[in-house]
Each structure stands twice: as structure tokens, then as C-alpha cells.
Amino acid sequence: MKKLKIFLLISVLGLLFSCTTQNTKLNTESPYRKQVDSILNLMTLDEKIGQTVLFTSGWDVTGPSMNDNYKEYIKQGKVGAVFNAFTTRYTKELQQIAVEETRLGIPLLFGYDVIHGHRTIFPIPLAESCSWDMKLIEKSARIAATEASAEGIHWTFAPMVDIARDPRWGRISEGAGEDTYLGSRIAKARVRGFQGDNLSKENTILACAKHFAAYGAAQAGRDYHTVDMSERELRSIYLPPFKAAVDEGVATFMTSFNELDGIPASANTFLLKDILRNEWGFKGFVVTDYTSINEMIPHGYAKDEKHAGELATNAGVDMDMQGSVYLNHLKLLIEEGKVSEEQINSAVRRILEMKFSLGLFDNPYRYIDPEREKETVLSKHHLETARKVARESMVLLKNENHLLPLSKEKKIALIGPLANDEASIIGNWSAAGDRKGAAVSVLEGFIKKIGEENIRYEKGCEIIGGDFSRFNKAVEVTRNSDVIVMVMGEHQNMSGEAASRTNLSLPGLQRDLIKSIKKTGKPIVLILMNGRPLTLTWEDQNVAAILETWFPGTMGGHAVADIIFGDDNPSGKLTTTFPRNVGQIPVYYNMKNTGRPIDPNKPDEKYKSKYLDVSNKPLYPFGYGLSYTSFTYDVNINDKVFRPNSEIIVSAKITNTGDYDGEEIAQLYIHDKVRSITPPLKELKGFKKISLKKGESKTITFSISTNDLRFYDQEMNYRYEPGEFELFVGGSSDLPFTHSFELMELNK
Ligand code: BGC
């Protein structure tokens, strides 16, 4: 009875104060401050600590799990948030314990890794980034939030906004690729999608910008490994997508597993206080990544868990995911004066503010609605959108003699370990995706498109392993075919977390299988599914067409068929460079020059910055991607002199000169020729995606302001310098500069 009364008091307070709707721009002062403080006044220290504890339920564990009795912890008020719990039935059961069986009845927050869809699985984030389509990316996150929120989830651990320049790192699949400008735009689109325009709506969820920071720069691409870089590199390349997420009102941040310049991210006051709170004014709460507080011990930074807890709290970590450190040690740390209670109050305030903003104090069960769950999950509209996003995410890497698209009358031999796959096709982090049943394989997509009679299928080999006993069968099915389509790549678990690789070629016997099939002399189309760039130098030389589909999601098979048989025209462009071999890594488009660049007219000259055995150029550069049609560009610039307080306007007339309607992603690159910090060779500064009918022309414009020309100078000021700049607009990053302008001295 007493418990119920306190909860009622909280509810009334909630109702009184929540009449104003909370929009998603959370970086202003919270409108819930008063009711949060009134609850805080009722709380014991133990109850406060409980709010800073996040535990996994028994489902979908991604690391060492320390607690099997999370239900008992909830009952004792020792847990404020739970992750890996969803479905209306399960979340209701747990929420009831928190609301009805704890003294204050404070509702739980349910978190989950809703990374690229919830039940309807969209292409992996790296794939989606290749669409360069902000509206579509936002929509995919919106749908993910709609489905997740219908199943009791309040909070996603996404978007991952880590810039990644090393394809050995398996988590490159979870982000938006290698470019900071594009990555920042995508970070905003995803935050908008998850959080919608108003967090108090039932179909919006809290987003979480992760992993703060520089996790993608792990040495040698080995997951969780050391990161050490200059502050300039950190601020120029790795931080802007996080700042973009803050500007978009992201509700929460997650720290990263790595150390940065000798200090683990979860104890890094430079990152968590100086930058995140003081410079950027972030008002949401910060959660650790999994047991990263405990991991400070093997890092050699803390002598024991209590010490680690002290370091994390004092650095500004509000919530401990899974590590039990706050639960077990915070009280003593406060009693000993090593951590102030005010620090814990601030953390609890931020956490409760989010619970208020979701409306959980009005109704803790408002996200738990079986009717909405039934209507929403895997709805027709969601599946259709997933199919569209998958098509837009695919990148055509090669298409010799216009082999693609295939006519629907052709006889097809469909071969390969991923051709009839319904598990890997939805990729890694497809946690709640329905693996059996909902996902459409390529075989199924082809049958639906052209009928069973024109297709002969054989697996040929496994993704990994050395069994070539089915090679003969694979050769056999090619017998009466006109064209051979091979579906190959990685298993879904070969990218994502803890999935670093040093050999990036097609795993197992897959290349050997292509070699055997190639002997038939028939044209081969290679359809790839993979979570990272692969080294495809041999494949590029030996097959006629290559379509990169990444892991395209639930509707993947239909989307592949749409592209292969020409119902849609591929338009995706790479957001990550494909190296020729692993030795070239890191290789990315915006590298710097050296004092000894290669002279293109004397490629063999000694004492130049190059390899003896391979070109400096990657196999497929950033921004690259073919279409069934072709485009020409006619670029103009309004002035050769950039005067103070003005802009440079670049216009590009783009014409579809081929035989198909199509979409083109036009990219603007700029090069600052001389400045007080050496510049990258080029930097993406704008892009536009346009759709052009066969023979049609359209003119697009880009305006360049001085803001686009800023960099971190020697004193770490973000500014621009006068001088000459070059630029080009085109359909890939590896094109030559065509125009230039001069930025005048400001006082001229
Ligand atoms: C990952 C995070 C994820 C968390 C919870 C960790 O292992 O690094 O990205 O959000 O698990 O599942």
C-alpha cells in the first residue's frame, strides 16, 4: 500500500509537470527538473545507486554476464535499467516488478541494440550509408523505433557513429564508413529517426551515440585495441559525428572500450567532461559500454574494481552497463569521500529526466501494447521500405560489356554458399530479426521474379572450410545455363563486434569455386554479401560483373532480384575504400600527401612514397559505384575569387547519357593547397542525389562558405586561412580537380 502511494505521488507529479511536451532537442535545460528533484529527495543512497545500474536480462548477451538473478535485483531496487529484454509480455513482467514491488516504484528503462531494424531488418548501417540518402536512412531508423517501441523498448544503443578507416576492424559494418562529413550527416539522420520530433510520443525511443570515442581507430584493426592519436586528428576526423549527434539532441552517449592516449574512455575526463559536457553542452546521460569500467584493471589503469568505479564516476560516467561496479562500490566510495553524493545526484537526475521525457512516470506501461505490437512488427509498409533501402544501398562494382541487368528470359545457374541463405543475409546485430521465416534469400527472390523453371541452384561450398566435394555438382548445374550468378561473401558473424580479420579475401574455398566455374567460359555475375570491404583484386580481373549487396536485410533476396533483372538501377556509392590487398591498409580517400609523392610520368622512380609490389591506389575508391546508365558533368563556378562574407557557388549540369533511367550521387570535393597545418589531398564537402530519366539533364548547385574551409590550426583553433583551393564535382572521389578559387585575406 505504501509503495503504491509513493508511486501515485510520483505519477501525479509527473502529470502536473508533463503537460508541456518535451521535444527531442535535449541539450537545453530539462523541463522535468522540479519533479526529478522531488523524487530525488525521497530516495535513499541505495535507491539512487540503483538508478545508475544497467543489467542485461538473460537474452542476447554480448559479453561476460555477471548476474543471473536480475529479477531479484529489480525487486530490491538495485537496477534502474535493463537491456536485452523485449516483447510486451516480457517487459511487462519486469516492469511490474519495478513498479509494484520496489519502495518508490520507479519504472525501468528498457534498452536494446536496435542497430539496423528491430524485427524488419534493414541493410547493415555501412550498407545504408552507401545510399547517401538521408531521408531514407532517417526513415529506416524511424521504422526501427516504431517496431522496437511497440515491443516495450525505450532506448536503442545506436547510432554507432565511429569513423572507421580499417576494414580489418569488424565493426566497420556498424557505422557510416570512413568520411567525417558524410558520417556526421548520417549521425543526425539516425538520431532524428530514432527520437522522432517528440520523445513523449509512444513510437519514439532514446538514441545513444556510441562509442565515445575513436573506437574505430584500434591499432591494426584489432577490436578493443589501443588508440593513440593527436588531438587534431581526434577533433578533425573522429569527433564531429558525435558533435553532430549532440546538435541533433541525442539523449545518451556510450563510452568506448578503448583507451585514448593512455586513458581508458570510461575514465577519460578530457572526453567526458571537457569536451562532451563543457564544450558541447551535452545534457543527457552517459552509459559505459558493457564492462568497460571493470576492464580498466587489465588496461593497467585501476588496481581493483572499487578504484575503477571511482575513476569512472569522477570522469562523468552516469550509468554502469553490466559491470556491477557502481552497485558494489559506489556507496563505500561516497562514505570514504572519494566520490561526492552530488555527483551521483547529477547522474540520477539525468537518468530520471529521460524516464520523464518518455512519459514513463505518467504510465510505465505505455510502451507495452500487444495490439500495437501485432499491427506494427513486420508490417507491409515496413517490409516495402526495407526492400527499397536495400536496393539503394547496393553498389555495382563492375559491369563488363553491360552484362547486367539480365533479361528475365535467361537461364540462370545460381551458385554459392549465400545463395539460399536466410540467416547471414540479415547481417550482424539483427538481434530481434526473425531469422527463420521472414528473411528472403536470393534464391527465393529470383524464383519470385523469373519463375523456378529458369533457375538451377547448387550451393557449391560452405562459406568457410575446405570441403570441395560439391564443386562437381556446381559445375553440373551450369550446363544449360546462359549466365552464372554466384552469391558469396562472409558469414554474418565474420563482421561486427569481436570479428577482426587479417585476411580480407573471400573466405574458405569460395575463390576456388569461382575458378572451377570459370572454366565453363560462361559469364559470371558475383553477388557479394559481407560486412566490410574485401580484397577483390582477383575477382575484379576474373568475373564480368560484381554487385556489392552487403548484408541487405529481411527483404534482401527481393532487392537483389530487383537490381539483377533491371527493375531498379543500382545507384549506391562506396563510403569505404576497397584496398587491393591487406598490406595497403590503412588506405582512404582523404589521406595526406608526402614530401615525396609519385610522379605519374615516372611511376618506377626510386625514393618516392610507394610500395614496390602494389600501386598506391585502392581497388575501388570512396564515392565509387556504377549504374546501368552513364552520366556526364558540366561544372561551373561563379567566381574565381572568394570575397569575405560571400560564397562560392558551384553548379553542375548532369546529363543521363545512357539507356536507363537512374539516380546519381554527385559529390563535391575541395583541396586546400597550402595552409599552416598540412591539408588532406581532398575532402568531401557536399553531395546531392538526383534522379534522371534517360536523356534528361538537371543542374544542381553547391554553395561553399568559409565554414567549409575550416581546420584545426596549430593552437587548435577551428578557422580558415586565405589561399588557393581546388575543387571538382563528380561521381567518385578519384577524379581530377577541374576548378579553383582564391580565398582573399579578410581585410582586403
Ligand atoms: C557493444 C555495444 C553494445 C553493448 C550492449 C557491447 O559489447 O560494444 O555496442 O551496445 O554490447 O549489447
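Please compute the contact order of the chain in relative form: average sequence separation of alpha-carbon pairs under 8 Å and at least six residues apart, divided by the residue count, as a percent.
Numbers: 1814 pairs, mean separation 98.1, N = 748.
Relative CO of the chain lands at 13 percent.
Pairs spanning more than 18 Å between alpha-carbon atoms, out of Lys573/Lys694; Lys410/Lys515; Lys592/Lys685; Lys188/Lys243: Lys573/Lys694; Lys410/Lys515.
What share of Cα pairs, in percent, lie more than 17 angstrom apart in the stretch 492-531? Walk me through the numbers before you get to the answer.
On the way: 332 of 780 pairs.
Across the stretch 492-531, Cα pairs with separations above 17 Å total 43 percent.
Sorting 514-523, 135-144 by average packing, meaning the other beta carbons within 10 Å per residue, from highest down gives 135-144, 514-523. Largest to smallest in accessible area, the residues Ile598, Ile464, Ile368 fall in the order Ile464, Ile598, Ile368 (1.4 Å probe, all protein chains included).
Work out how much length Met716 to Asp304 would gain on full extension: take 0.36 nm times their residue separation and subtract the Cα-Cα distance, in nm to one decimal.
Working: separation 412, 0.36 × 412 = 148.32 nm, distance 3.61 nm.
So the chain would gain 144.7 nm between Met716 and Asp304.
Contact order for the stretch 531-612, expressed relative to its length and based on alpha carbon pairs under 8 Å spaced 6+ residues apart, stands at 28 percent. Spin-label model, Asn198/Lys135: points 7 Å from Cα along the beta carbon direction are separated by 2.3 nm.
Computed about its Cα centre, the charge dipole of the stretch 347-423 is approximately 200 debye, with only Lys, Arg, Asp and Glu carrying charge at their Cβ.
Thinking of the chain as a set of Cα atoms, what percent of all their pairs are more than 41 Å apart? If you can, show how the numbers build up before the last one.
Values: 93752 of 279378 pairs.
Considering the chain, 34 percent of its Cα-Cα pairs are separated by more than 41 Å.
Using a probe of 1.4 angstrom and keeping all protein chains present, the accessible surface of the chain works out to 37 square angstrom per residue.
Each of Pro405, Gly337, Ser393 was placed along the dipole of the stretch 298-433 (beta-carbon charges, centred on the mean Cα), and the one lying farthest toward the positive end is Pro405. Inter-part distance, the stretch 519-594 to the stretch 308-373, computed on C-alpha centroids, equals 44 Å.
Return the calculated 222 nm mean residue ellipticity for the chain, to the nearest 500 deg cm²/dmol, obtained by summing -39500 (n - 2.57) across DSSP H runs with n ≥ 4 and dividing by the residue count.
Details: 19 runs with 199 residues, N = 748.
Mean residue ellipticity, 222 nm, calculated: -8000 deg cm²/dmol.
Here the chain has 49 percent of its accessible surface on carbon and sulfur atoms, given a 1.4 Å probe and all protein chains in place.
Relative to the Cα centre, what is the charge dipole magnitude of the chain, using +1 at the beta carbon of each Lys and Arg, -1 at the beta carbon of each Asp and Glu, and rounding to the nearest 20 debye? Working shown, then result.
Values: 91 positive and 97 negative charges, 157 e Å.
Dipole about the Cα centre, nearest 20: 760 debye.
The values are calculated or read from the model by the stated rules, or taken from the named source; none is laboratory data. Keep in mind that what you see is a predicted model, and the values were worked out from it rather than measured. Cβ: placed from backbone, ideal geometry, glycine included. Neighbour counts: every protein chain shown. These accessible areas exclude ligands, DNA and RNA; they are computed on the full protein's heavy atoms, side chains included. Shrake-Rupley method; radii C 1.70, N 1.55, O 1.52, S 1.80 Å.
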